Amino acid sequence: MQSQYHSLMDPSRTNNVKYKNVVQTAVLVAKEEGVGALYKGVVPTMLRQGCNQAVNFTAYNWSKRRLLAYKKKNREEQMEAGTGTSSSSSSSSSKDDVTLDHWQSLMLGGLSGGMGPLVNNPLDVVKTRMQKQVIHPGKEPKYKSLVQSCITIAKDEGTPALWKGITPRLMRIMPGQAITFMTYEAVSTQMENYGMFE
């Protein structure tokens, strides 16, 4: 349905599109191409999503731990410099209440959100190509599997073609992930303060 529209399309042509809604589209695709066509690109889609979330959360948690460790160390040094002592009680209390500022979780969320698309963009390109190709009976499809599609695209268009569309993806995904992680940190911190996780 999405591929029928583009930004330069004449608005008067939107009434004559082939696919009008989800149910009508599913029925039409199954009728013209078979039920299996409804699952075109499902393997690259699952791999893309799994890979994206794995990279995203790994990058965020790693960055968060590093930043919190840096902030804890700075606070301990400031406390020692201010009191001239390094008591275990002050050290432990400083470790317990160090949290990310909102702008820090916003930045870490945005940067980690960009890691997933950078890693999985080839899967996204293959998924899109497999979903958009129309399979005609008796004709062999150009894109048959994940590996074969990657090799075909790299051979025909060059390896950088596997990262086509990365800029608009990053512009769309990074702000959303930044807001998501900032909101998550703010809400979970408030819930912890109210003792909801005890």
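The values are calculated or read from the model by the stated rules, or taken from the named source; none is laboratory data. Source: prediction; values computed, not measured. Because the Cβ atoms are built from the backbone with ideal geometry, glycine has one as well, and the counts that use them run over all protein chains shown. SASA here: full protein model, heavy atoms, side chains in, ligands and nucleic acids out. Shrake-Rupley method; radii C 1.70, N 1.55, O 1.52, S 1.80 Å.
Details
- Between S188, S145, S112, the Gaussian network model of the chain with springs among Cα atoms under 10 angstrom shows the greatest mean-square fluctuation at S188.
- Look at the alpha carbon pairs under 8 Å that are at least 6 residues apart: their mean separation over the length of the chain gives a relative contact order of 25 percent.
- Length gained on full extension, L111 to H136: 4.8 nm, using 0.36 nm per residue less the C-alpha separation.
- Measuring only protein heavy atoms, the 1.4 Å probe finds M107 accessible over about 100 Å².
- Residue-span extension gain [A26 to K73] - 0.36 nm each, minus C-alpha spacing: 11.2 nm
- Rounded tilt (10° steps) of 42-83 against the dominant C-alpha axis of the chain: 10
- Angle of helix 166-193 to the longest C-alpha principal axis of the chain, folded into 0 to 90 degrees and rounded to 10: 40°.
- Rounded FRET efficiency, nearest 0.05, which uses the C-beta distance separating T189 from V43 and R0 of 30 Å: 0.20
- Each residue, Q148 and L118, gets one label point 7 Å from its Cα in the Cβ direction; the gap between the two is 3.3 nm.
- Net length gained if the chain between E33 and V98 were fully extended (0.36 nm per residue, minus Cα distance): 17.7 nm
- Only one item in (1) 21.0; (2) 18.5; (3) 20.1 matches Kirkwood radius over Cα pairs in Å derived from the coordinates shown, and that item is (1).
- Surface composition of region 127-198: carbon and sulfur atoms hold 63% of the protein heavy-atom accessible area at a 1.4 Å probe.
- Modelled spin labels at R172 and N16, positioned 7 Å past Cα toward Cβ, are 2.7 nm from each other.
- Using alpha-carbon coordinates, inclination of helix 146-157 to the longest axis of the chain, degrees: 80
- Counting only Cβ charges, +1 for Lys and Arg and -1 for Asp and Glu, the dipole size of the chain around its Cα centre is about 1000 debye.
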